[in-house]
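Structure first, commentary second.
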Amino acid sequence: MSAPVVGLATVTERLDGVANATVRQVYLDALSSAGCVPVLLAGTPDGALPALQRLDGLVLGGHQSMVEPARYGGPESDELLDPGRDALALALIAQARRLALPTLGICRGLQELNVSYGGSLRDLCSTGQDQLHREPAVPERDAQYLPSHPIRLREGGLLSQLVGAQRTEVNSLHTQAIDRLAAGLTIEAQAPDGVTEAVVDERLPFVLAVQWHPEWYAVSDPLSAAIFGAFANAAADYSSARAGSTALAGASA
């Protein structure tokens, strides 16, 4: 069986004054270590959407930019925005839902998933909840992505099954979070202050989004490895089913 090929949405970065479509290498490494072949999804939705027909999964990674408040009816913000990523991600999520494509959202990806489904977001700084969730004030990147607060997992949910417990600890590097949960999504995990840390869409084979960053220690951290492993297994199942449907269609032609 060939490795599942999964799409990873890019973000816009300005390097040396020039706009670039980028992803962090750590996402590529995490997906590769789980047995997936990652490919980048960039550009406009019209250009990227046709690729989903050929892929076995979709990943929406994090970024320091915020989802534009106009996308969910929120107040104007002077935070860093990336409207191009918003347009790309929301279009990809909508198409992935139609295809029942396995989908994994990480940090910004969780927020995009909630907005795509019709939910809203809030700025934790404006509600005084940012202390528990903001990026740790340490210079070392590896230290920033260490566990920083506990979360409670839904009993019987996907994550509690993966970790074998109802509590664990995760890292936290965000100031935007879910406000109104979208219809169709179920809360999988919460922080002690009530902030939503993970959601699933139980109507589809695999749709999971987490507020933390499992990609940084995707091999050494058991929960992170389990998350990427579960996504890779779902993508492999999707690939097999798609190949079977193609073979059946060819045989009946």
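Some values worked out for this structure:
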quantity: Residues of the range 25-53 classified as at pLDDT below 95 and charged (D, E, K, R), total; calculated: 1
quantity: Positions within the range 105-127 being of a type in the set (S, T, N, Q) and either open to solvent by less than 20 Å² (accessible area, probe 1.4 Å) or in contact with a Pro (Cβ under 6 Å, 6 or more places away or on another chain) (or both), in sequence order; calculated: Q111, N114, S120
quantity: Residues that are in a strand (DSSP E or B) and either more than 26 Å from A100 (Cβ to Cβ) or open to solvent by 20 Å² or more (accessible area, probe 1.4 Å) (or both), drawn from the range 175-223; calculated: Q176, A177, T186, I187, Q190
quantity: Complete set of residues in the range 145-165 that are touching an Asp or Glu at 6+ places or on another chain (Cβ under 6 Å) and under 14 Å from P214 (Cβ atoms); calculated: P147, I151, L159
quantity: Residue list for the range 76-104, restricted to those being open to solvent by 20 Å² or more (accessible area, probe 1.4 Å), touching a helix residue (DSSP H, G or I) at 6+ places or on another chain (Cβ under 7 Å) and more than 19 Å from D123 (Cβ to Cβ); calculated: A87, L90, A91, A94, Q95, L99
quantity: Verdict on R54 being open to solvent by 30 Å² or more (accessible area, probe 1.4 Å) and either at negative phi or of a type in the set (K, R) (or both); calculated: yes
quantity: Residue count for the range 1-43, restricted to those that are farther than 20 Å from A235 by Cβ, open to solvent by less than 40 Å² (accessible area, probe 1.4 Å) and touching a residue at least 40 places away in the same chain (Cβ under 8 Å); calculated: 1
quantity: Residue ID - modelled with the lowest pLDDT, chosen from residues in the range 131-149 that are open to solvent by 70 Å² or more (accessible area, probe 1.4 Å) and part of a loop (DSSP other than H, G, I, E, B); calculated: Q131
quantity: Where a residue in the range 224-240 is surrounded by 20 or more Cβ atoms within 10 Å (Cβ to Cβ) and its partner, wherever it lies, is of a type in the set (S, T, Y), with Cβ under 6 Å and at least six apart; calculated: S224/Y217
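The values are calculated or read from the model by the stated rules, or taken from the named source; none is laboratory data. Worth saying up front: this structure is predicted, and the values here are computed from it rather than measured. Because the Cβ atoms are built from the backbone with ideal geometry, glycine has one as well, and the counts that use them run over all protein chains shown. What goes into the accessible areas is simple: the full protein's heavy atoms, side chains included, and nothing from ligands, DNA or RNA. Shrake-Rupley method; radii C 1.70, N 1.55, O 1.52, S 1.80 Å.
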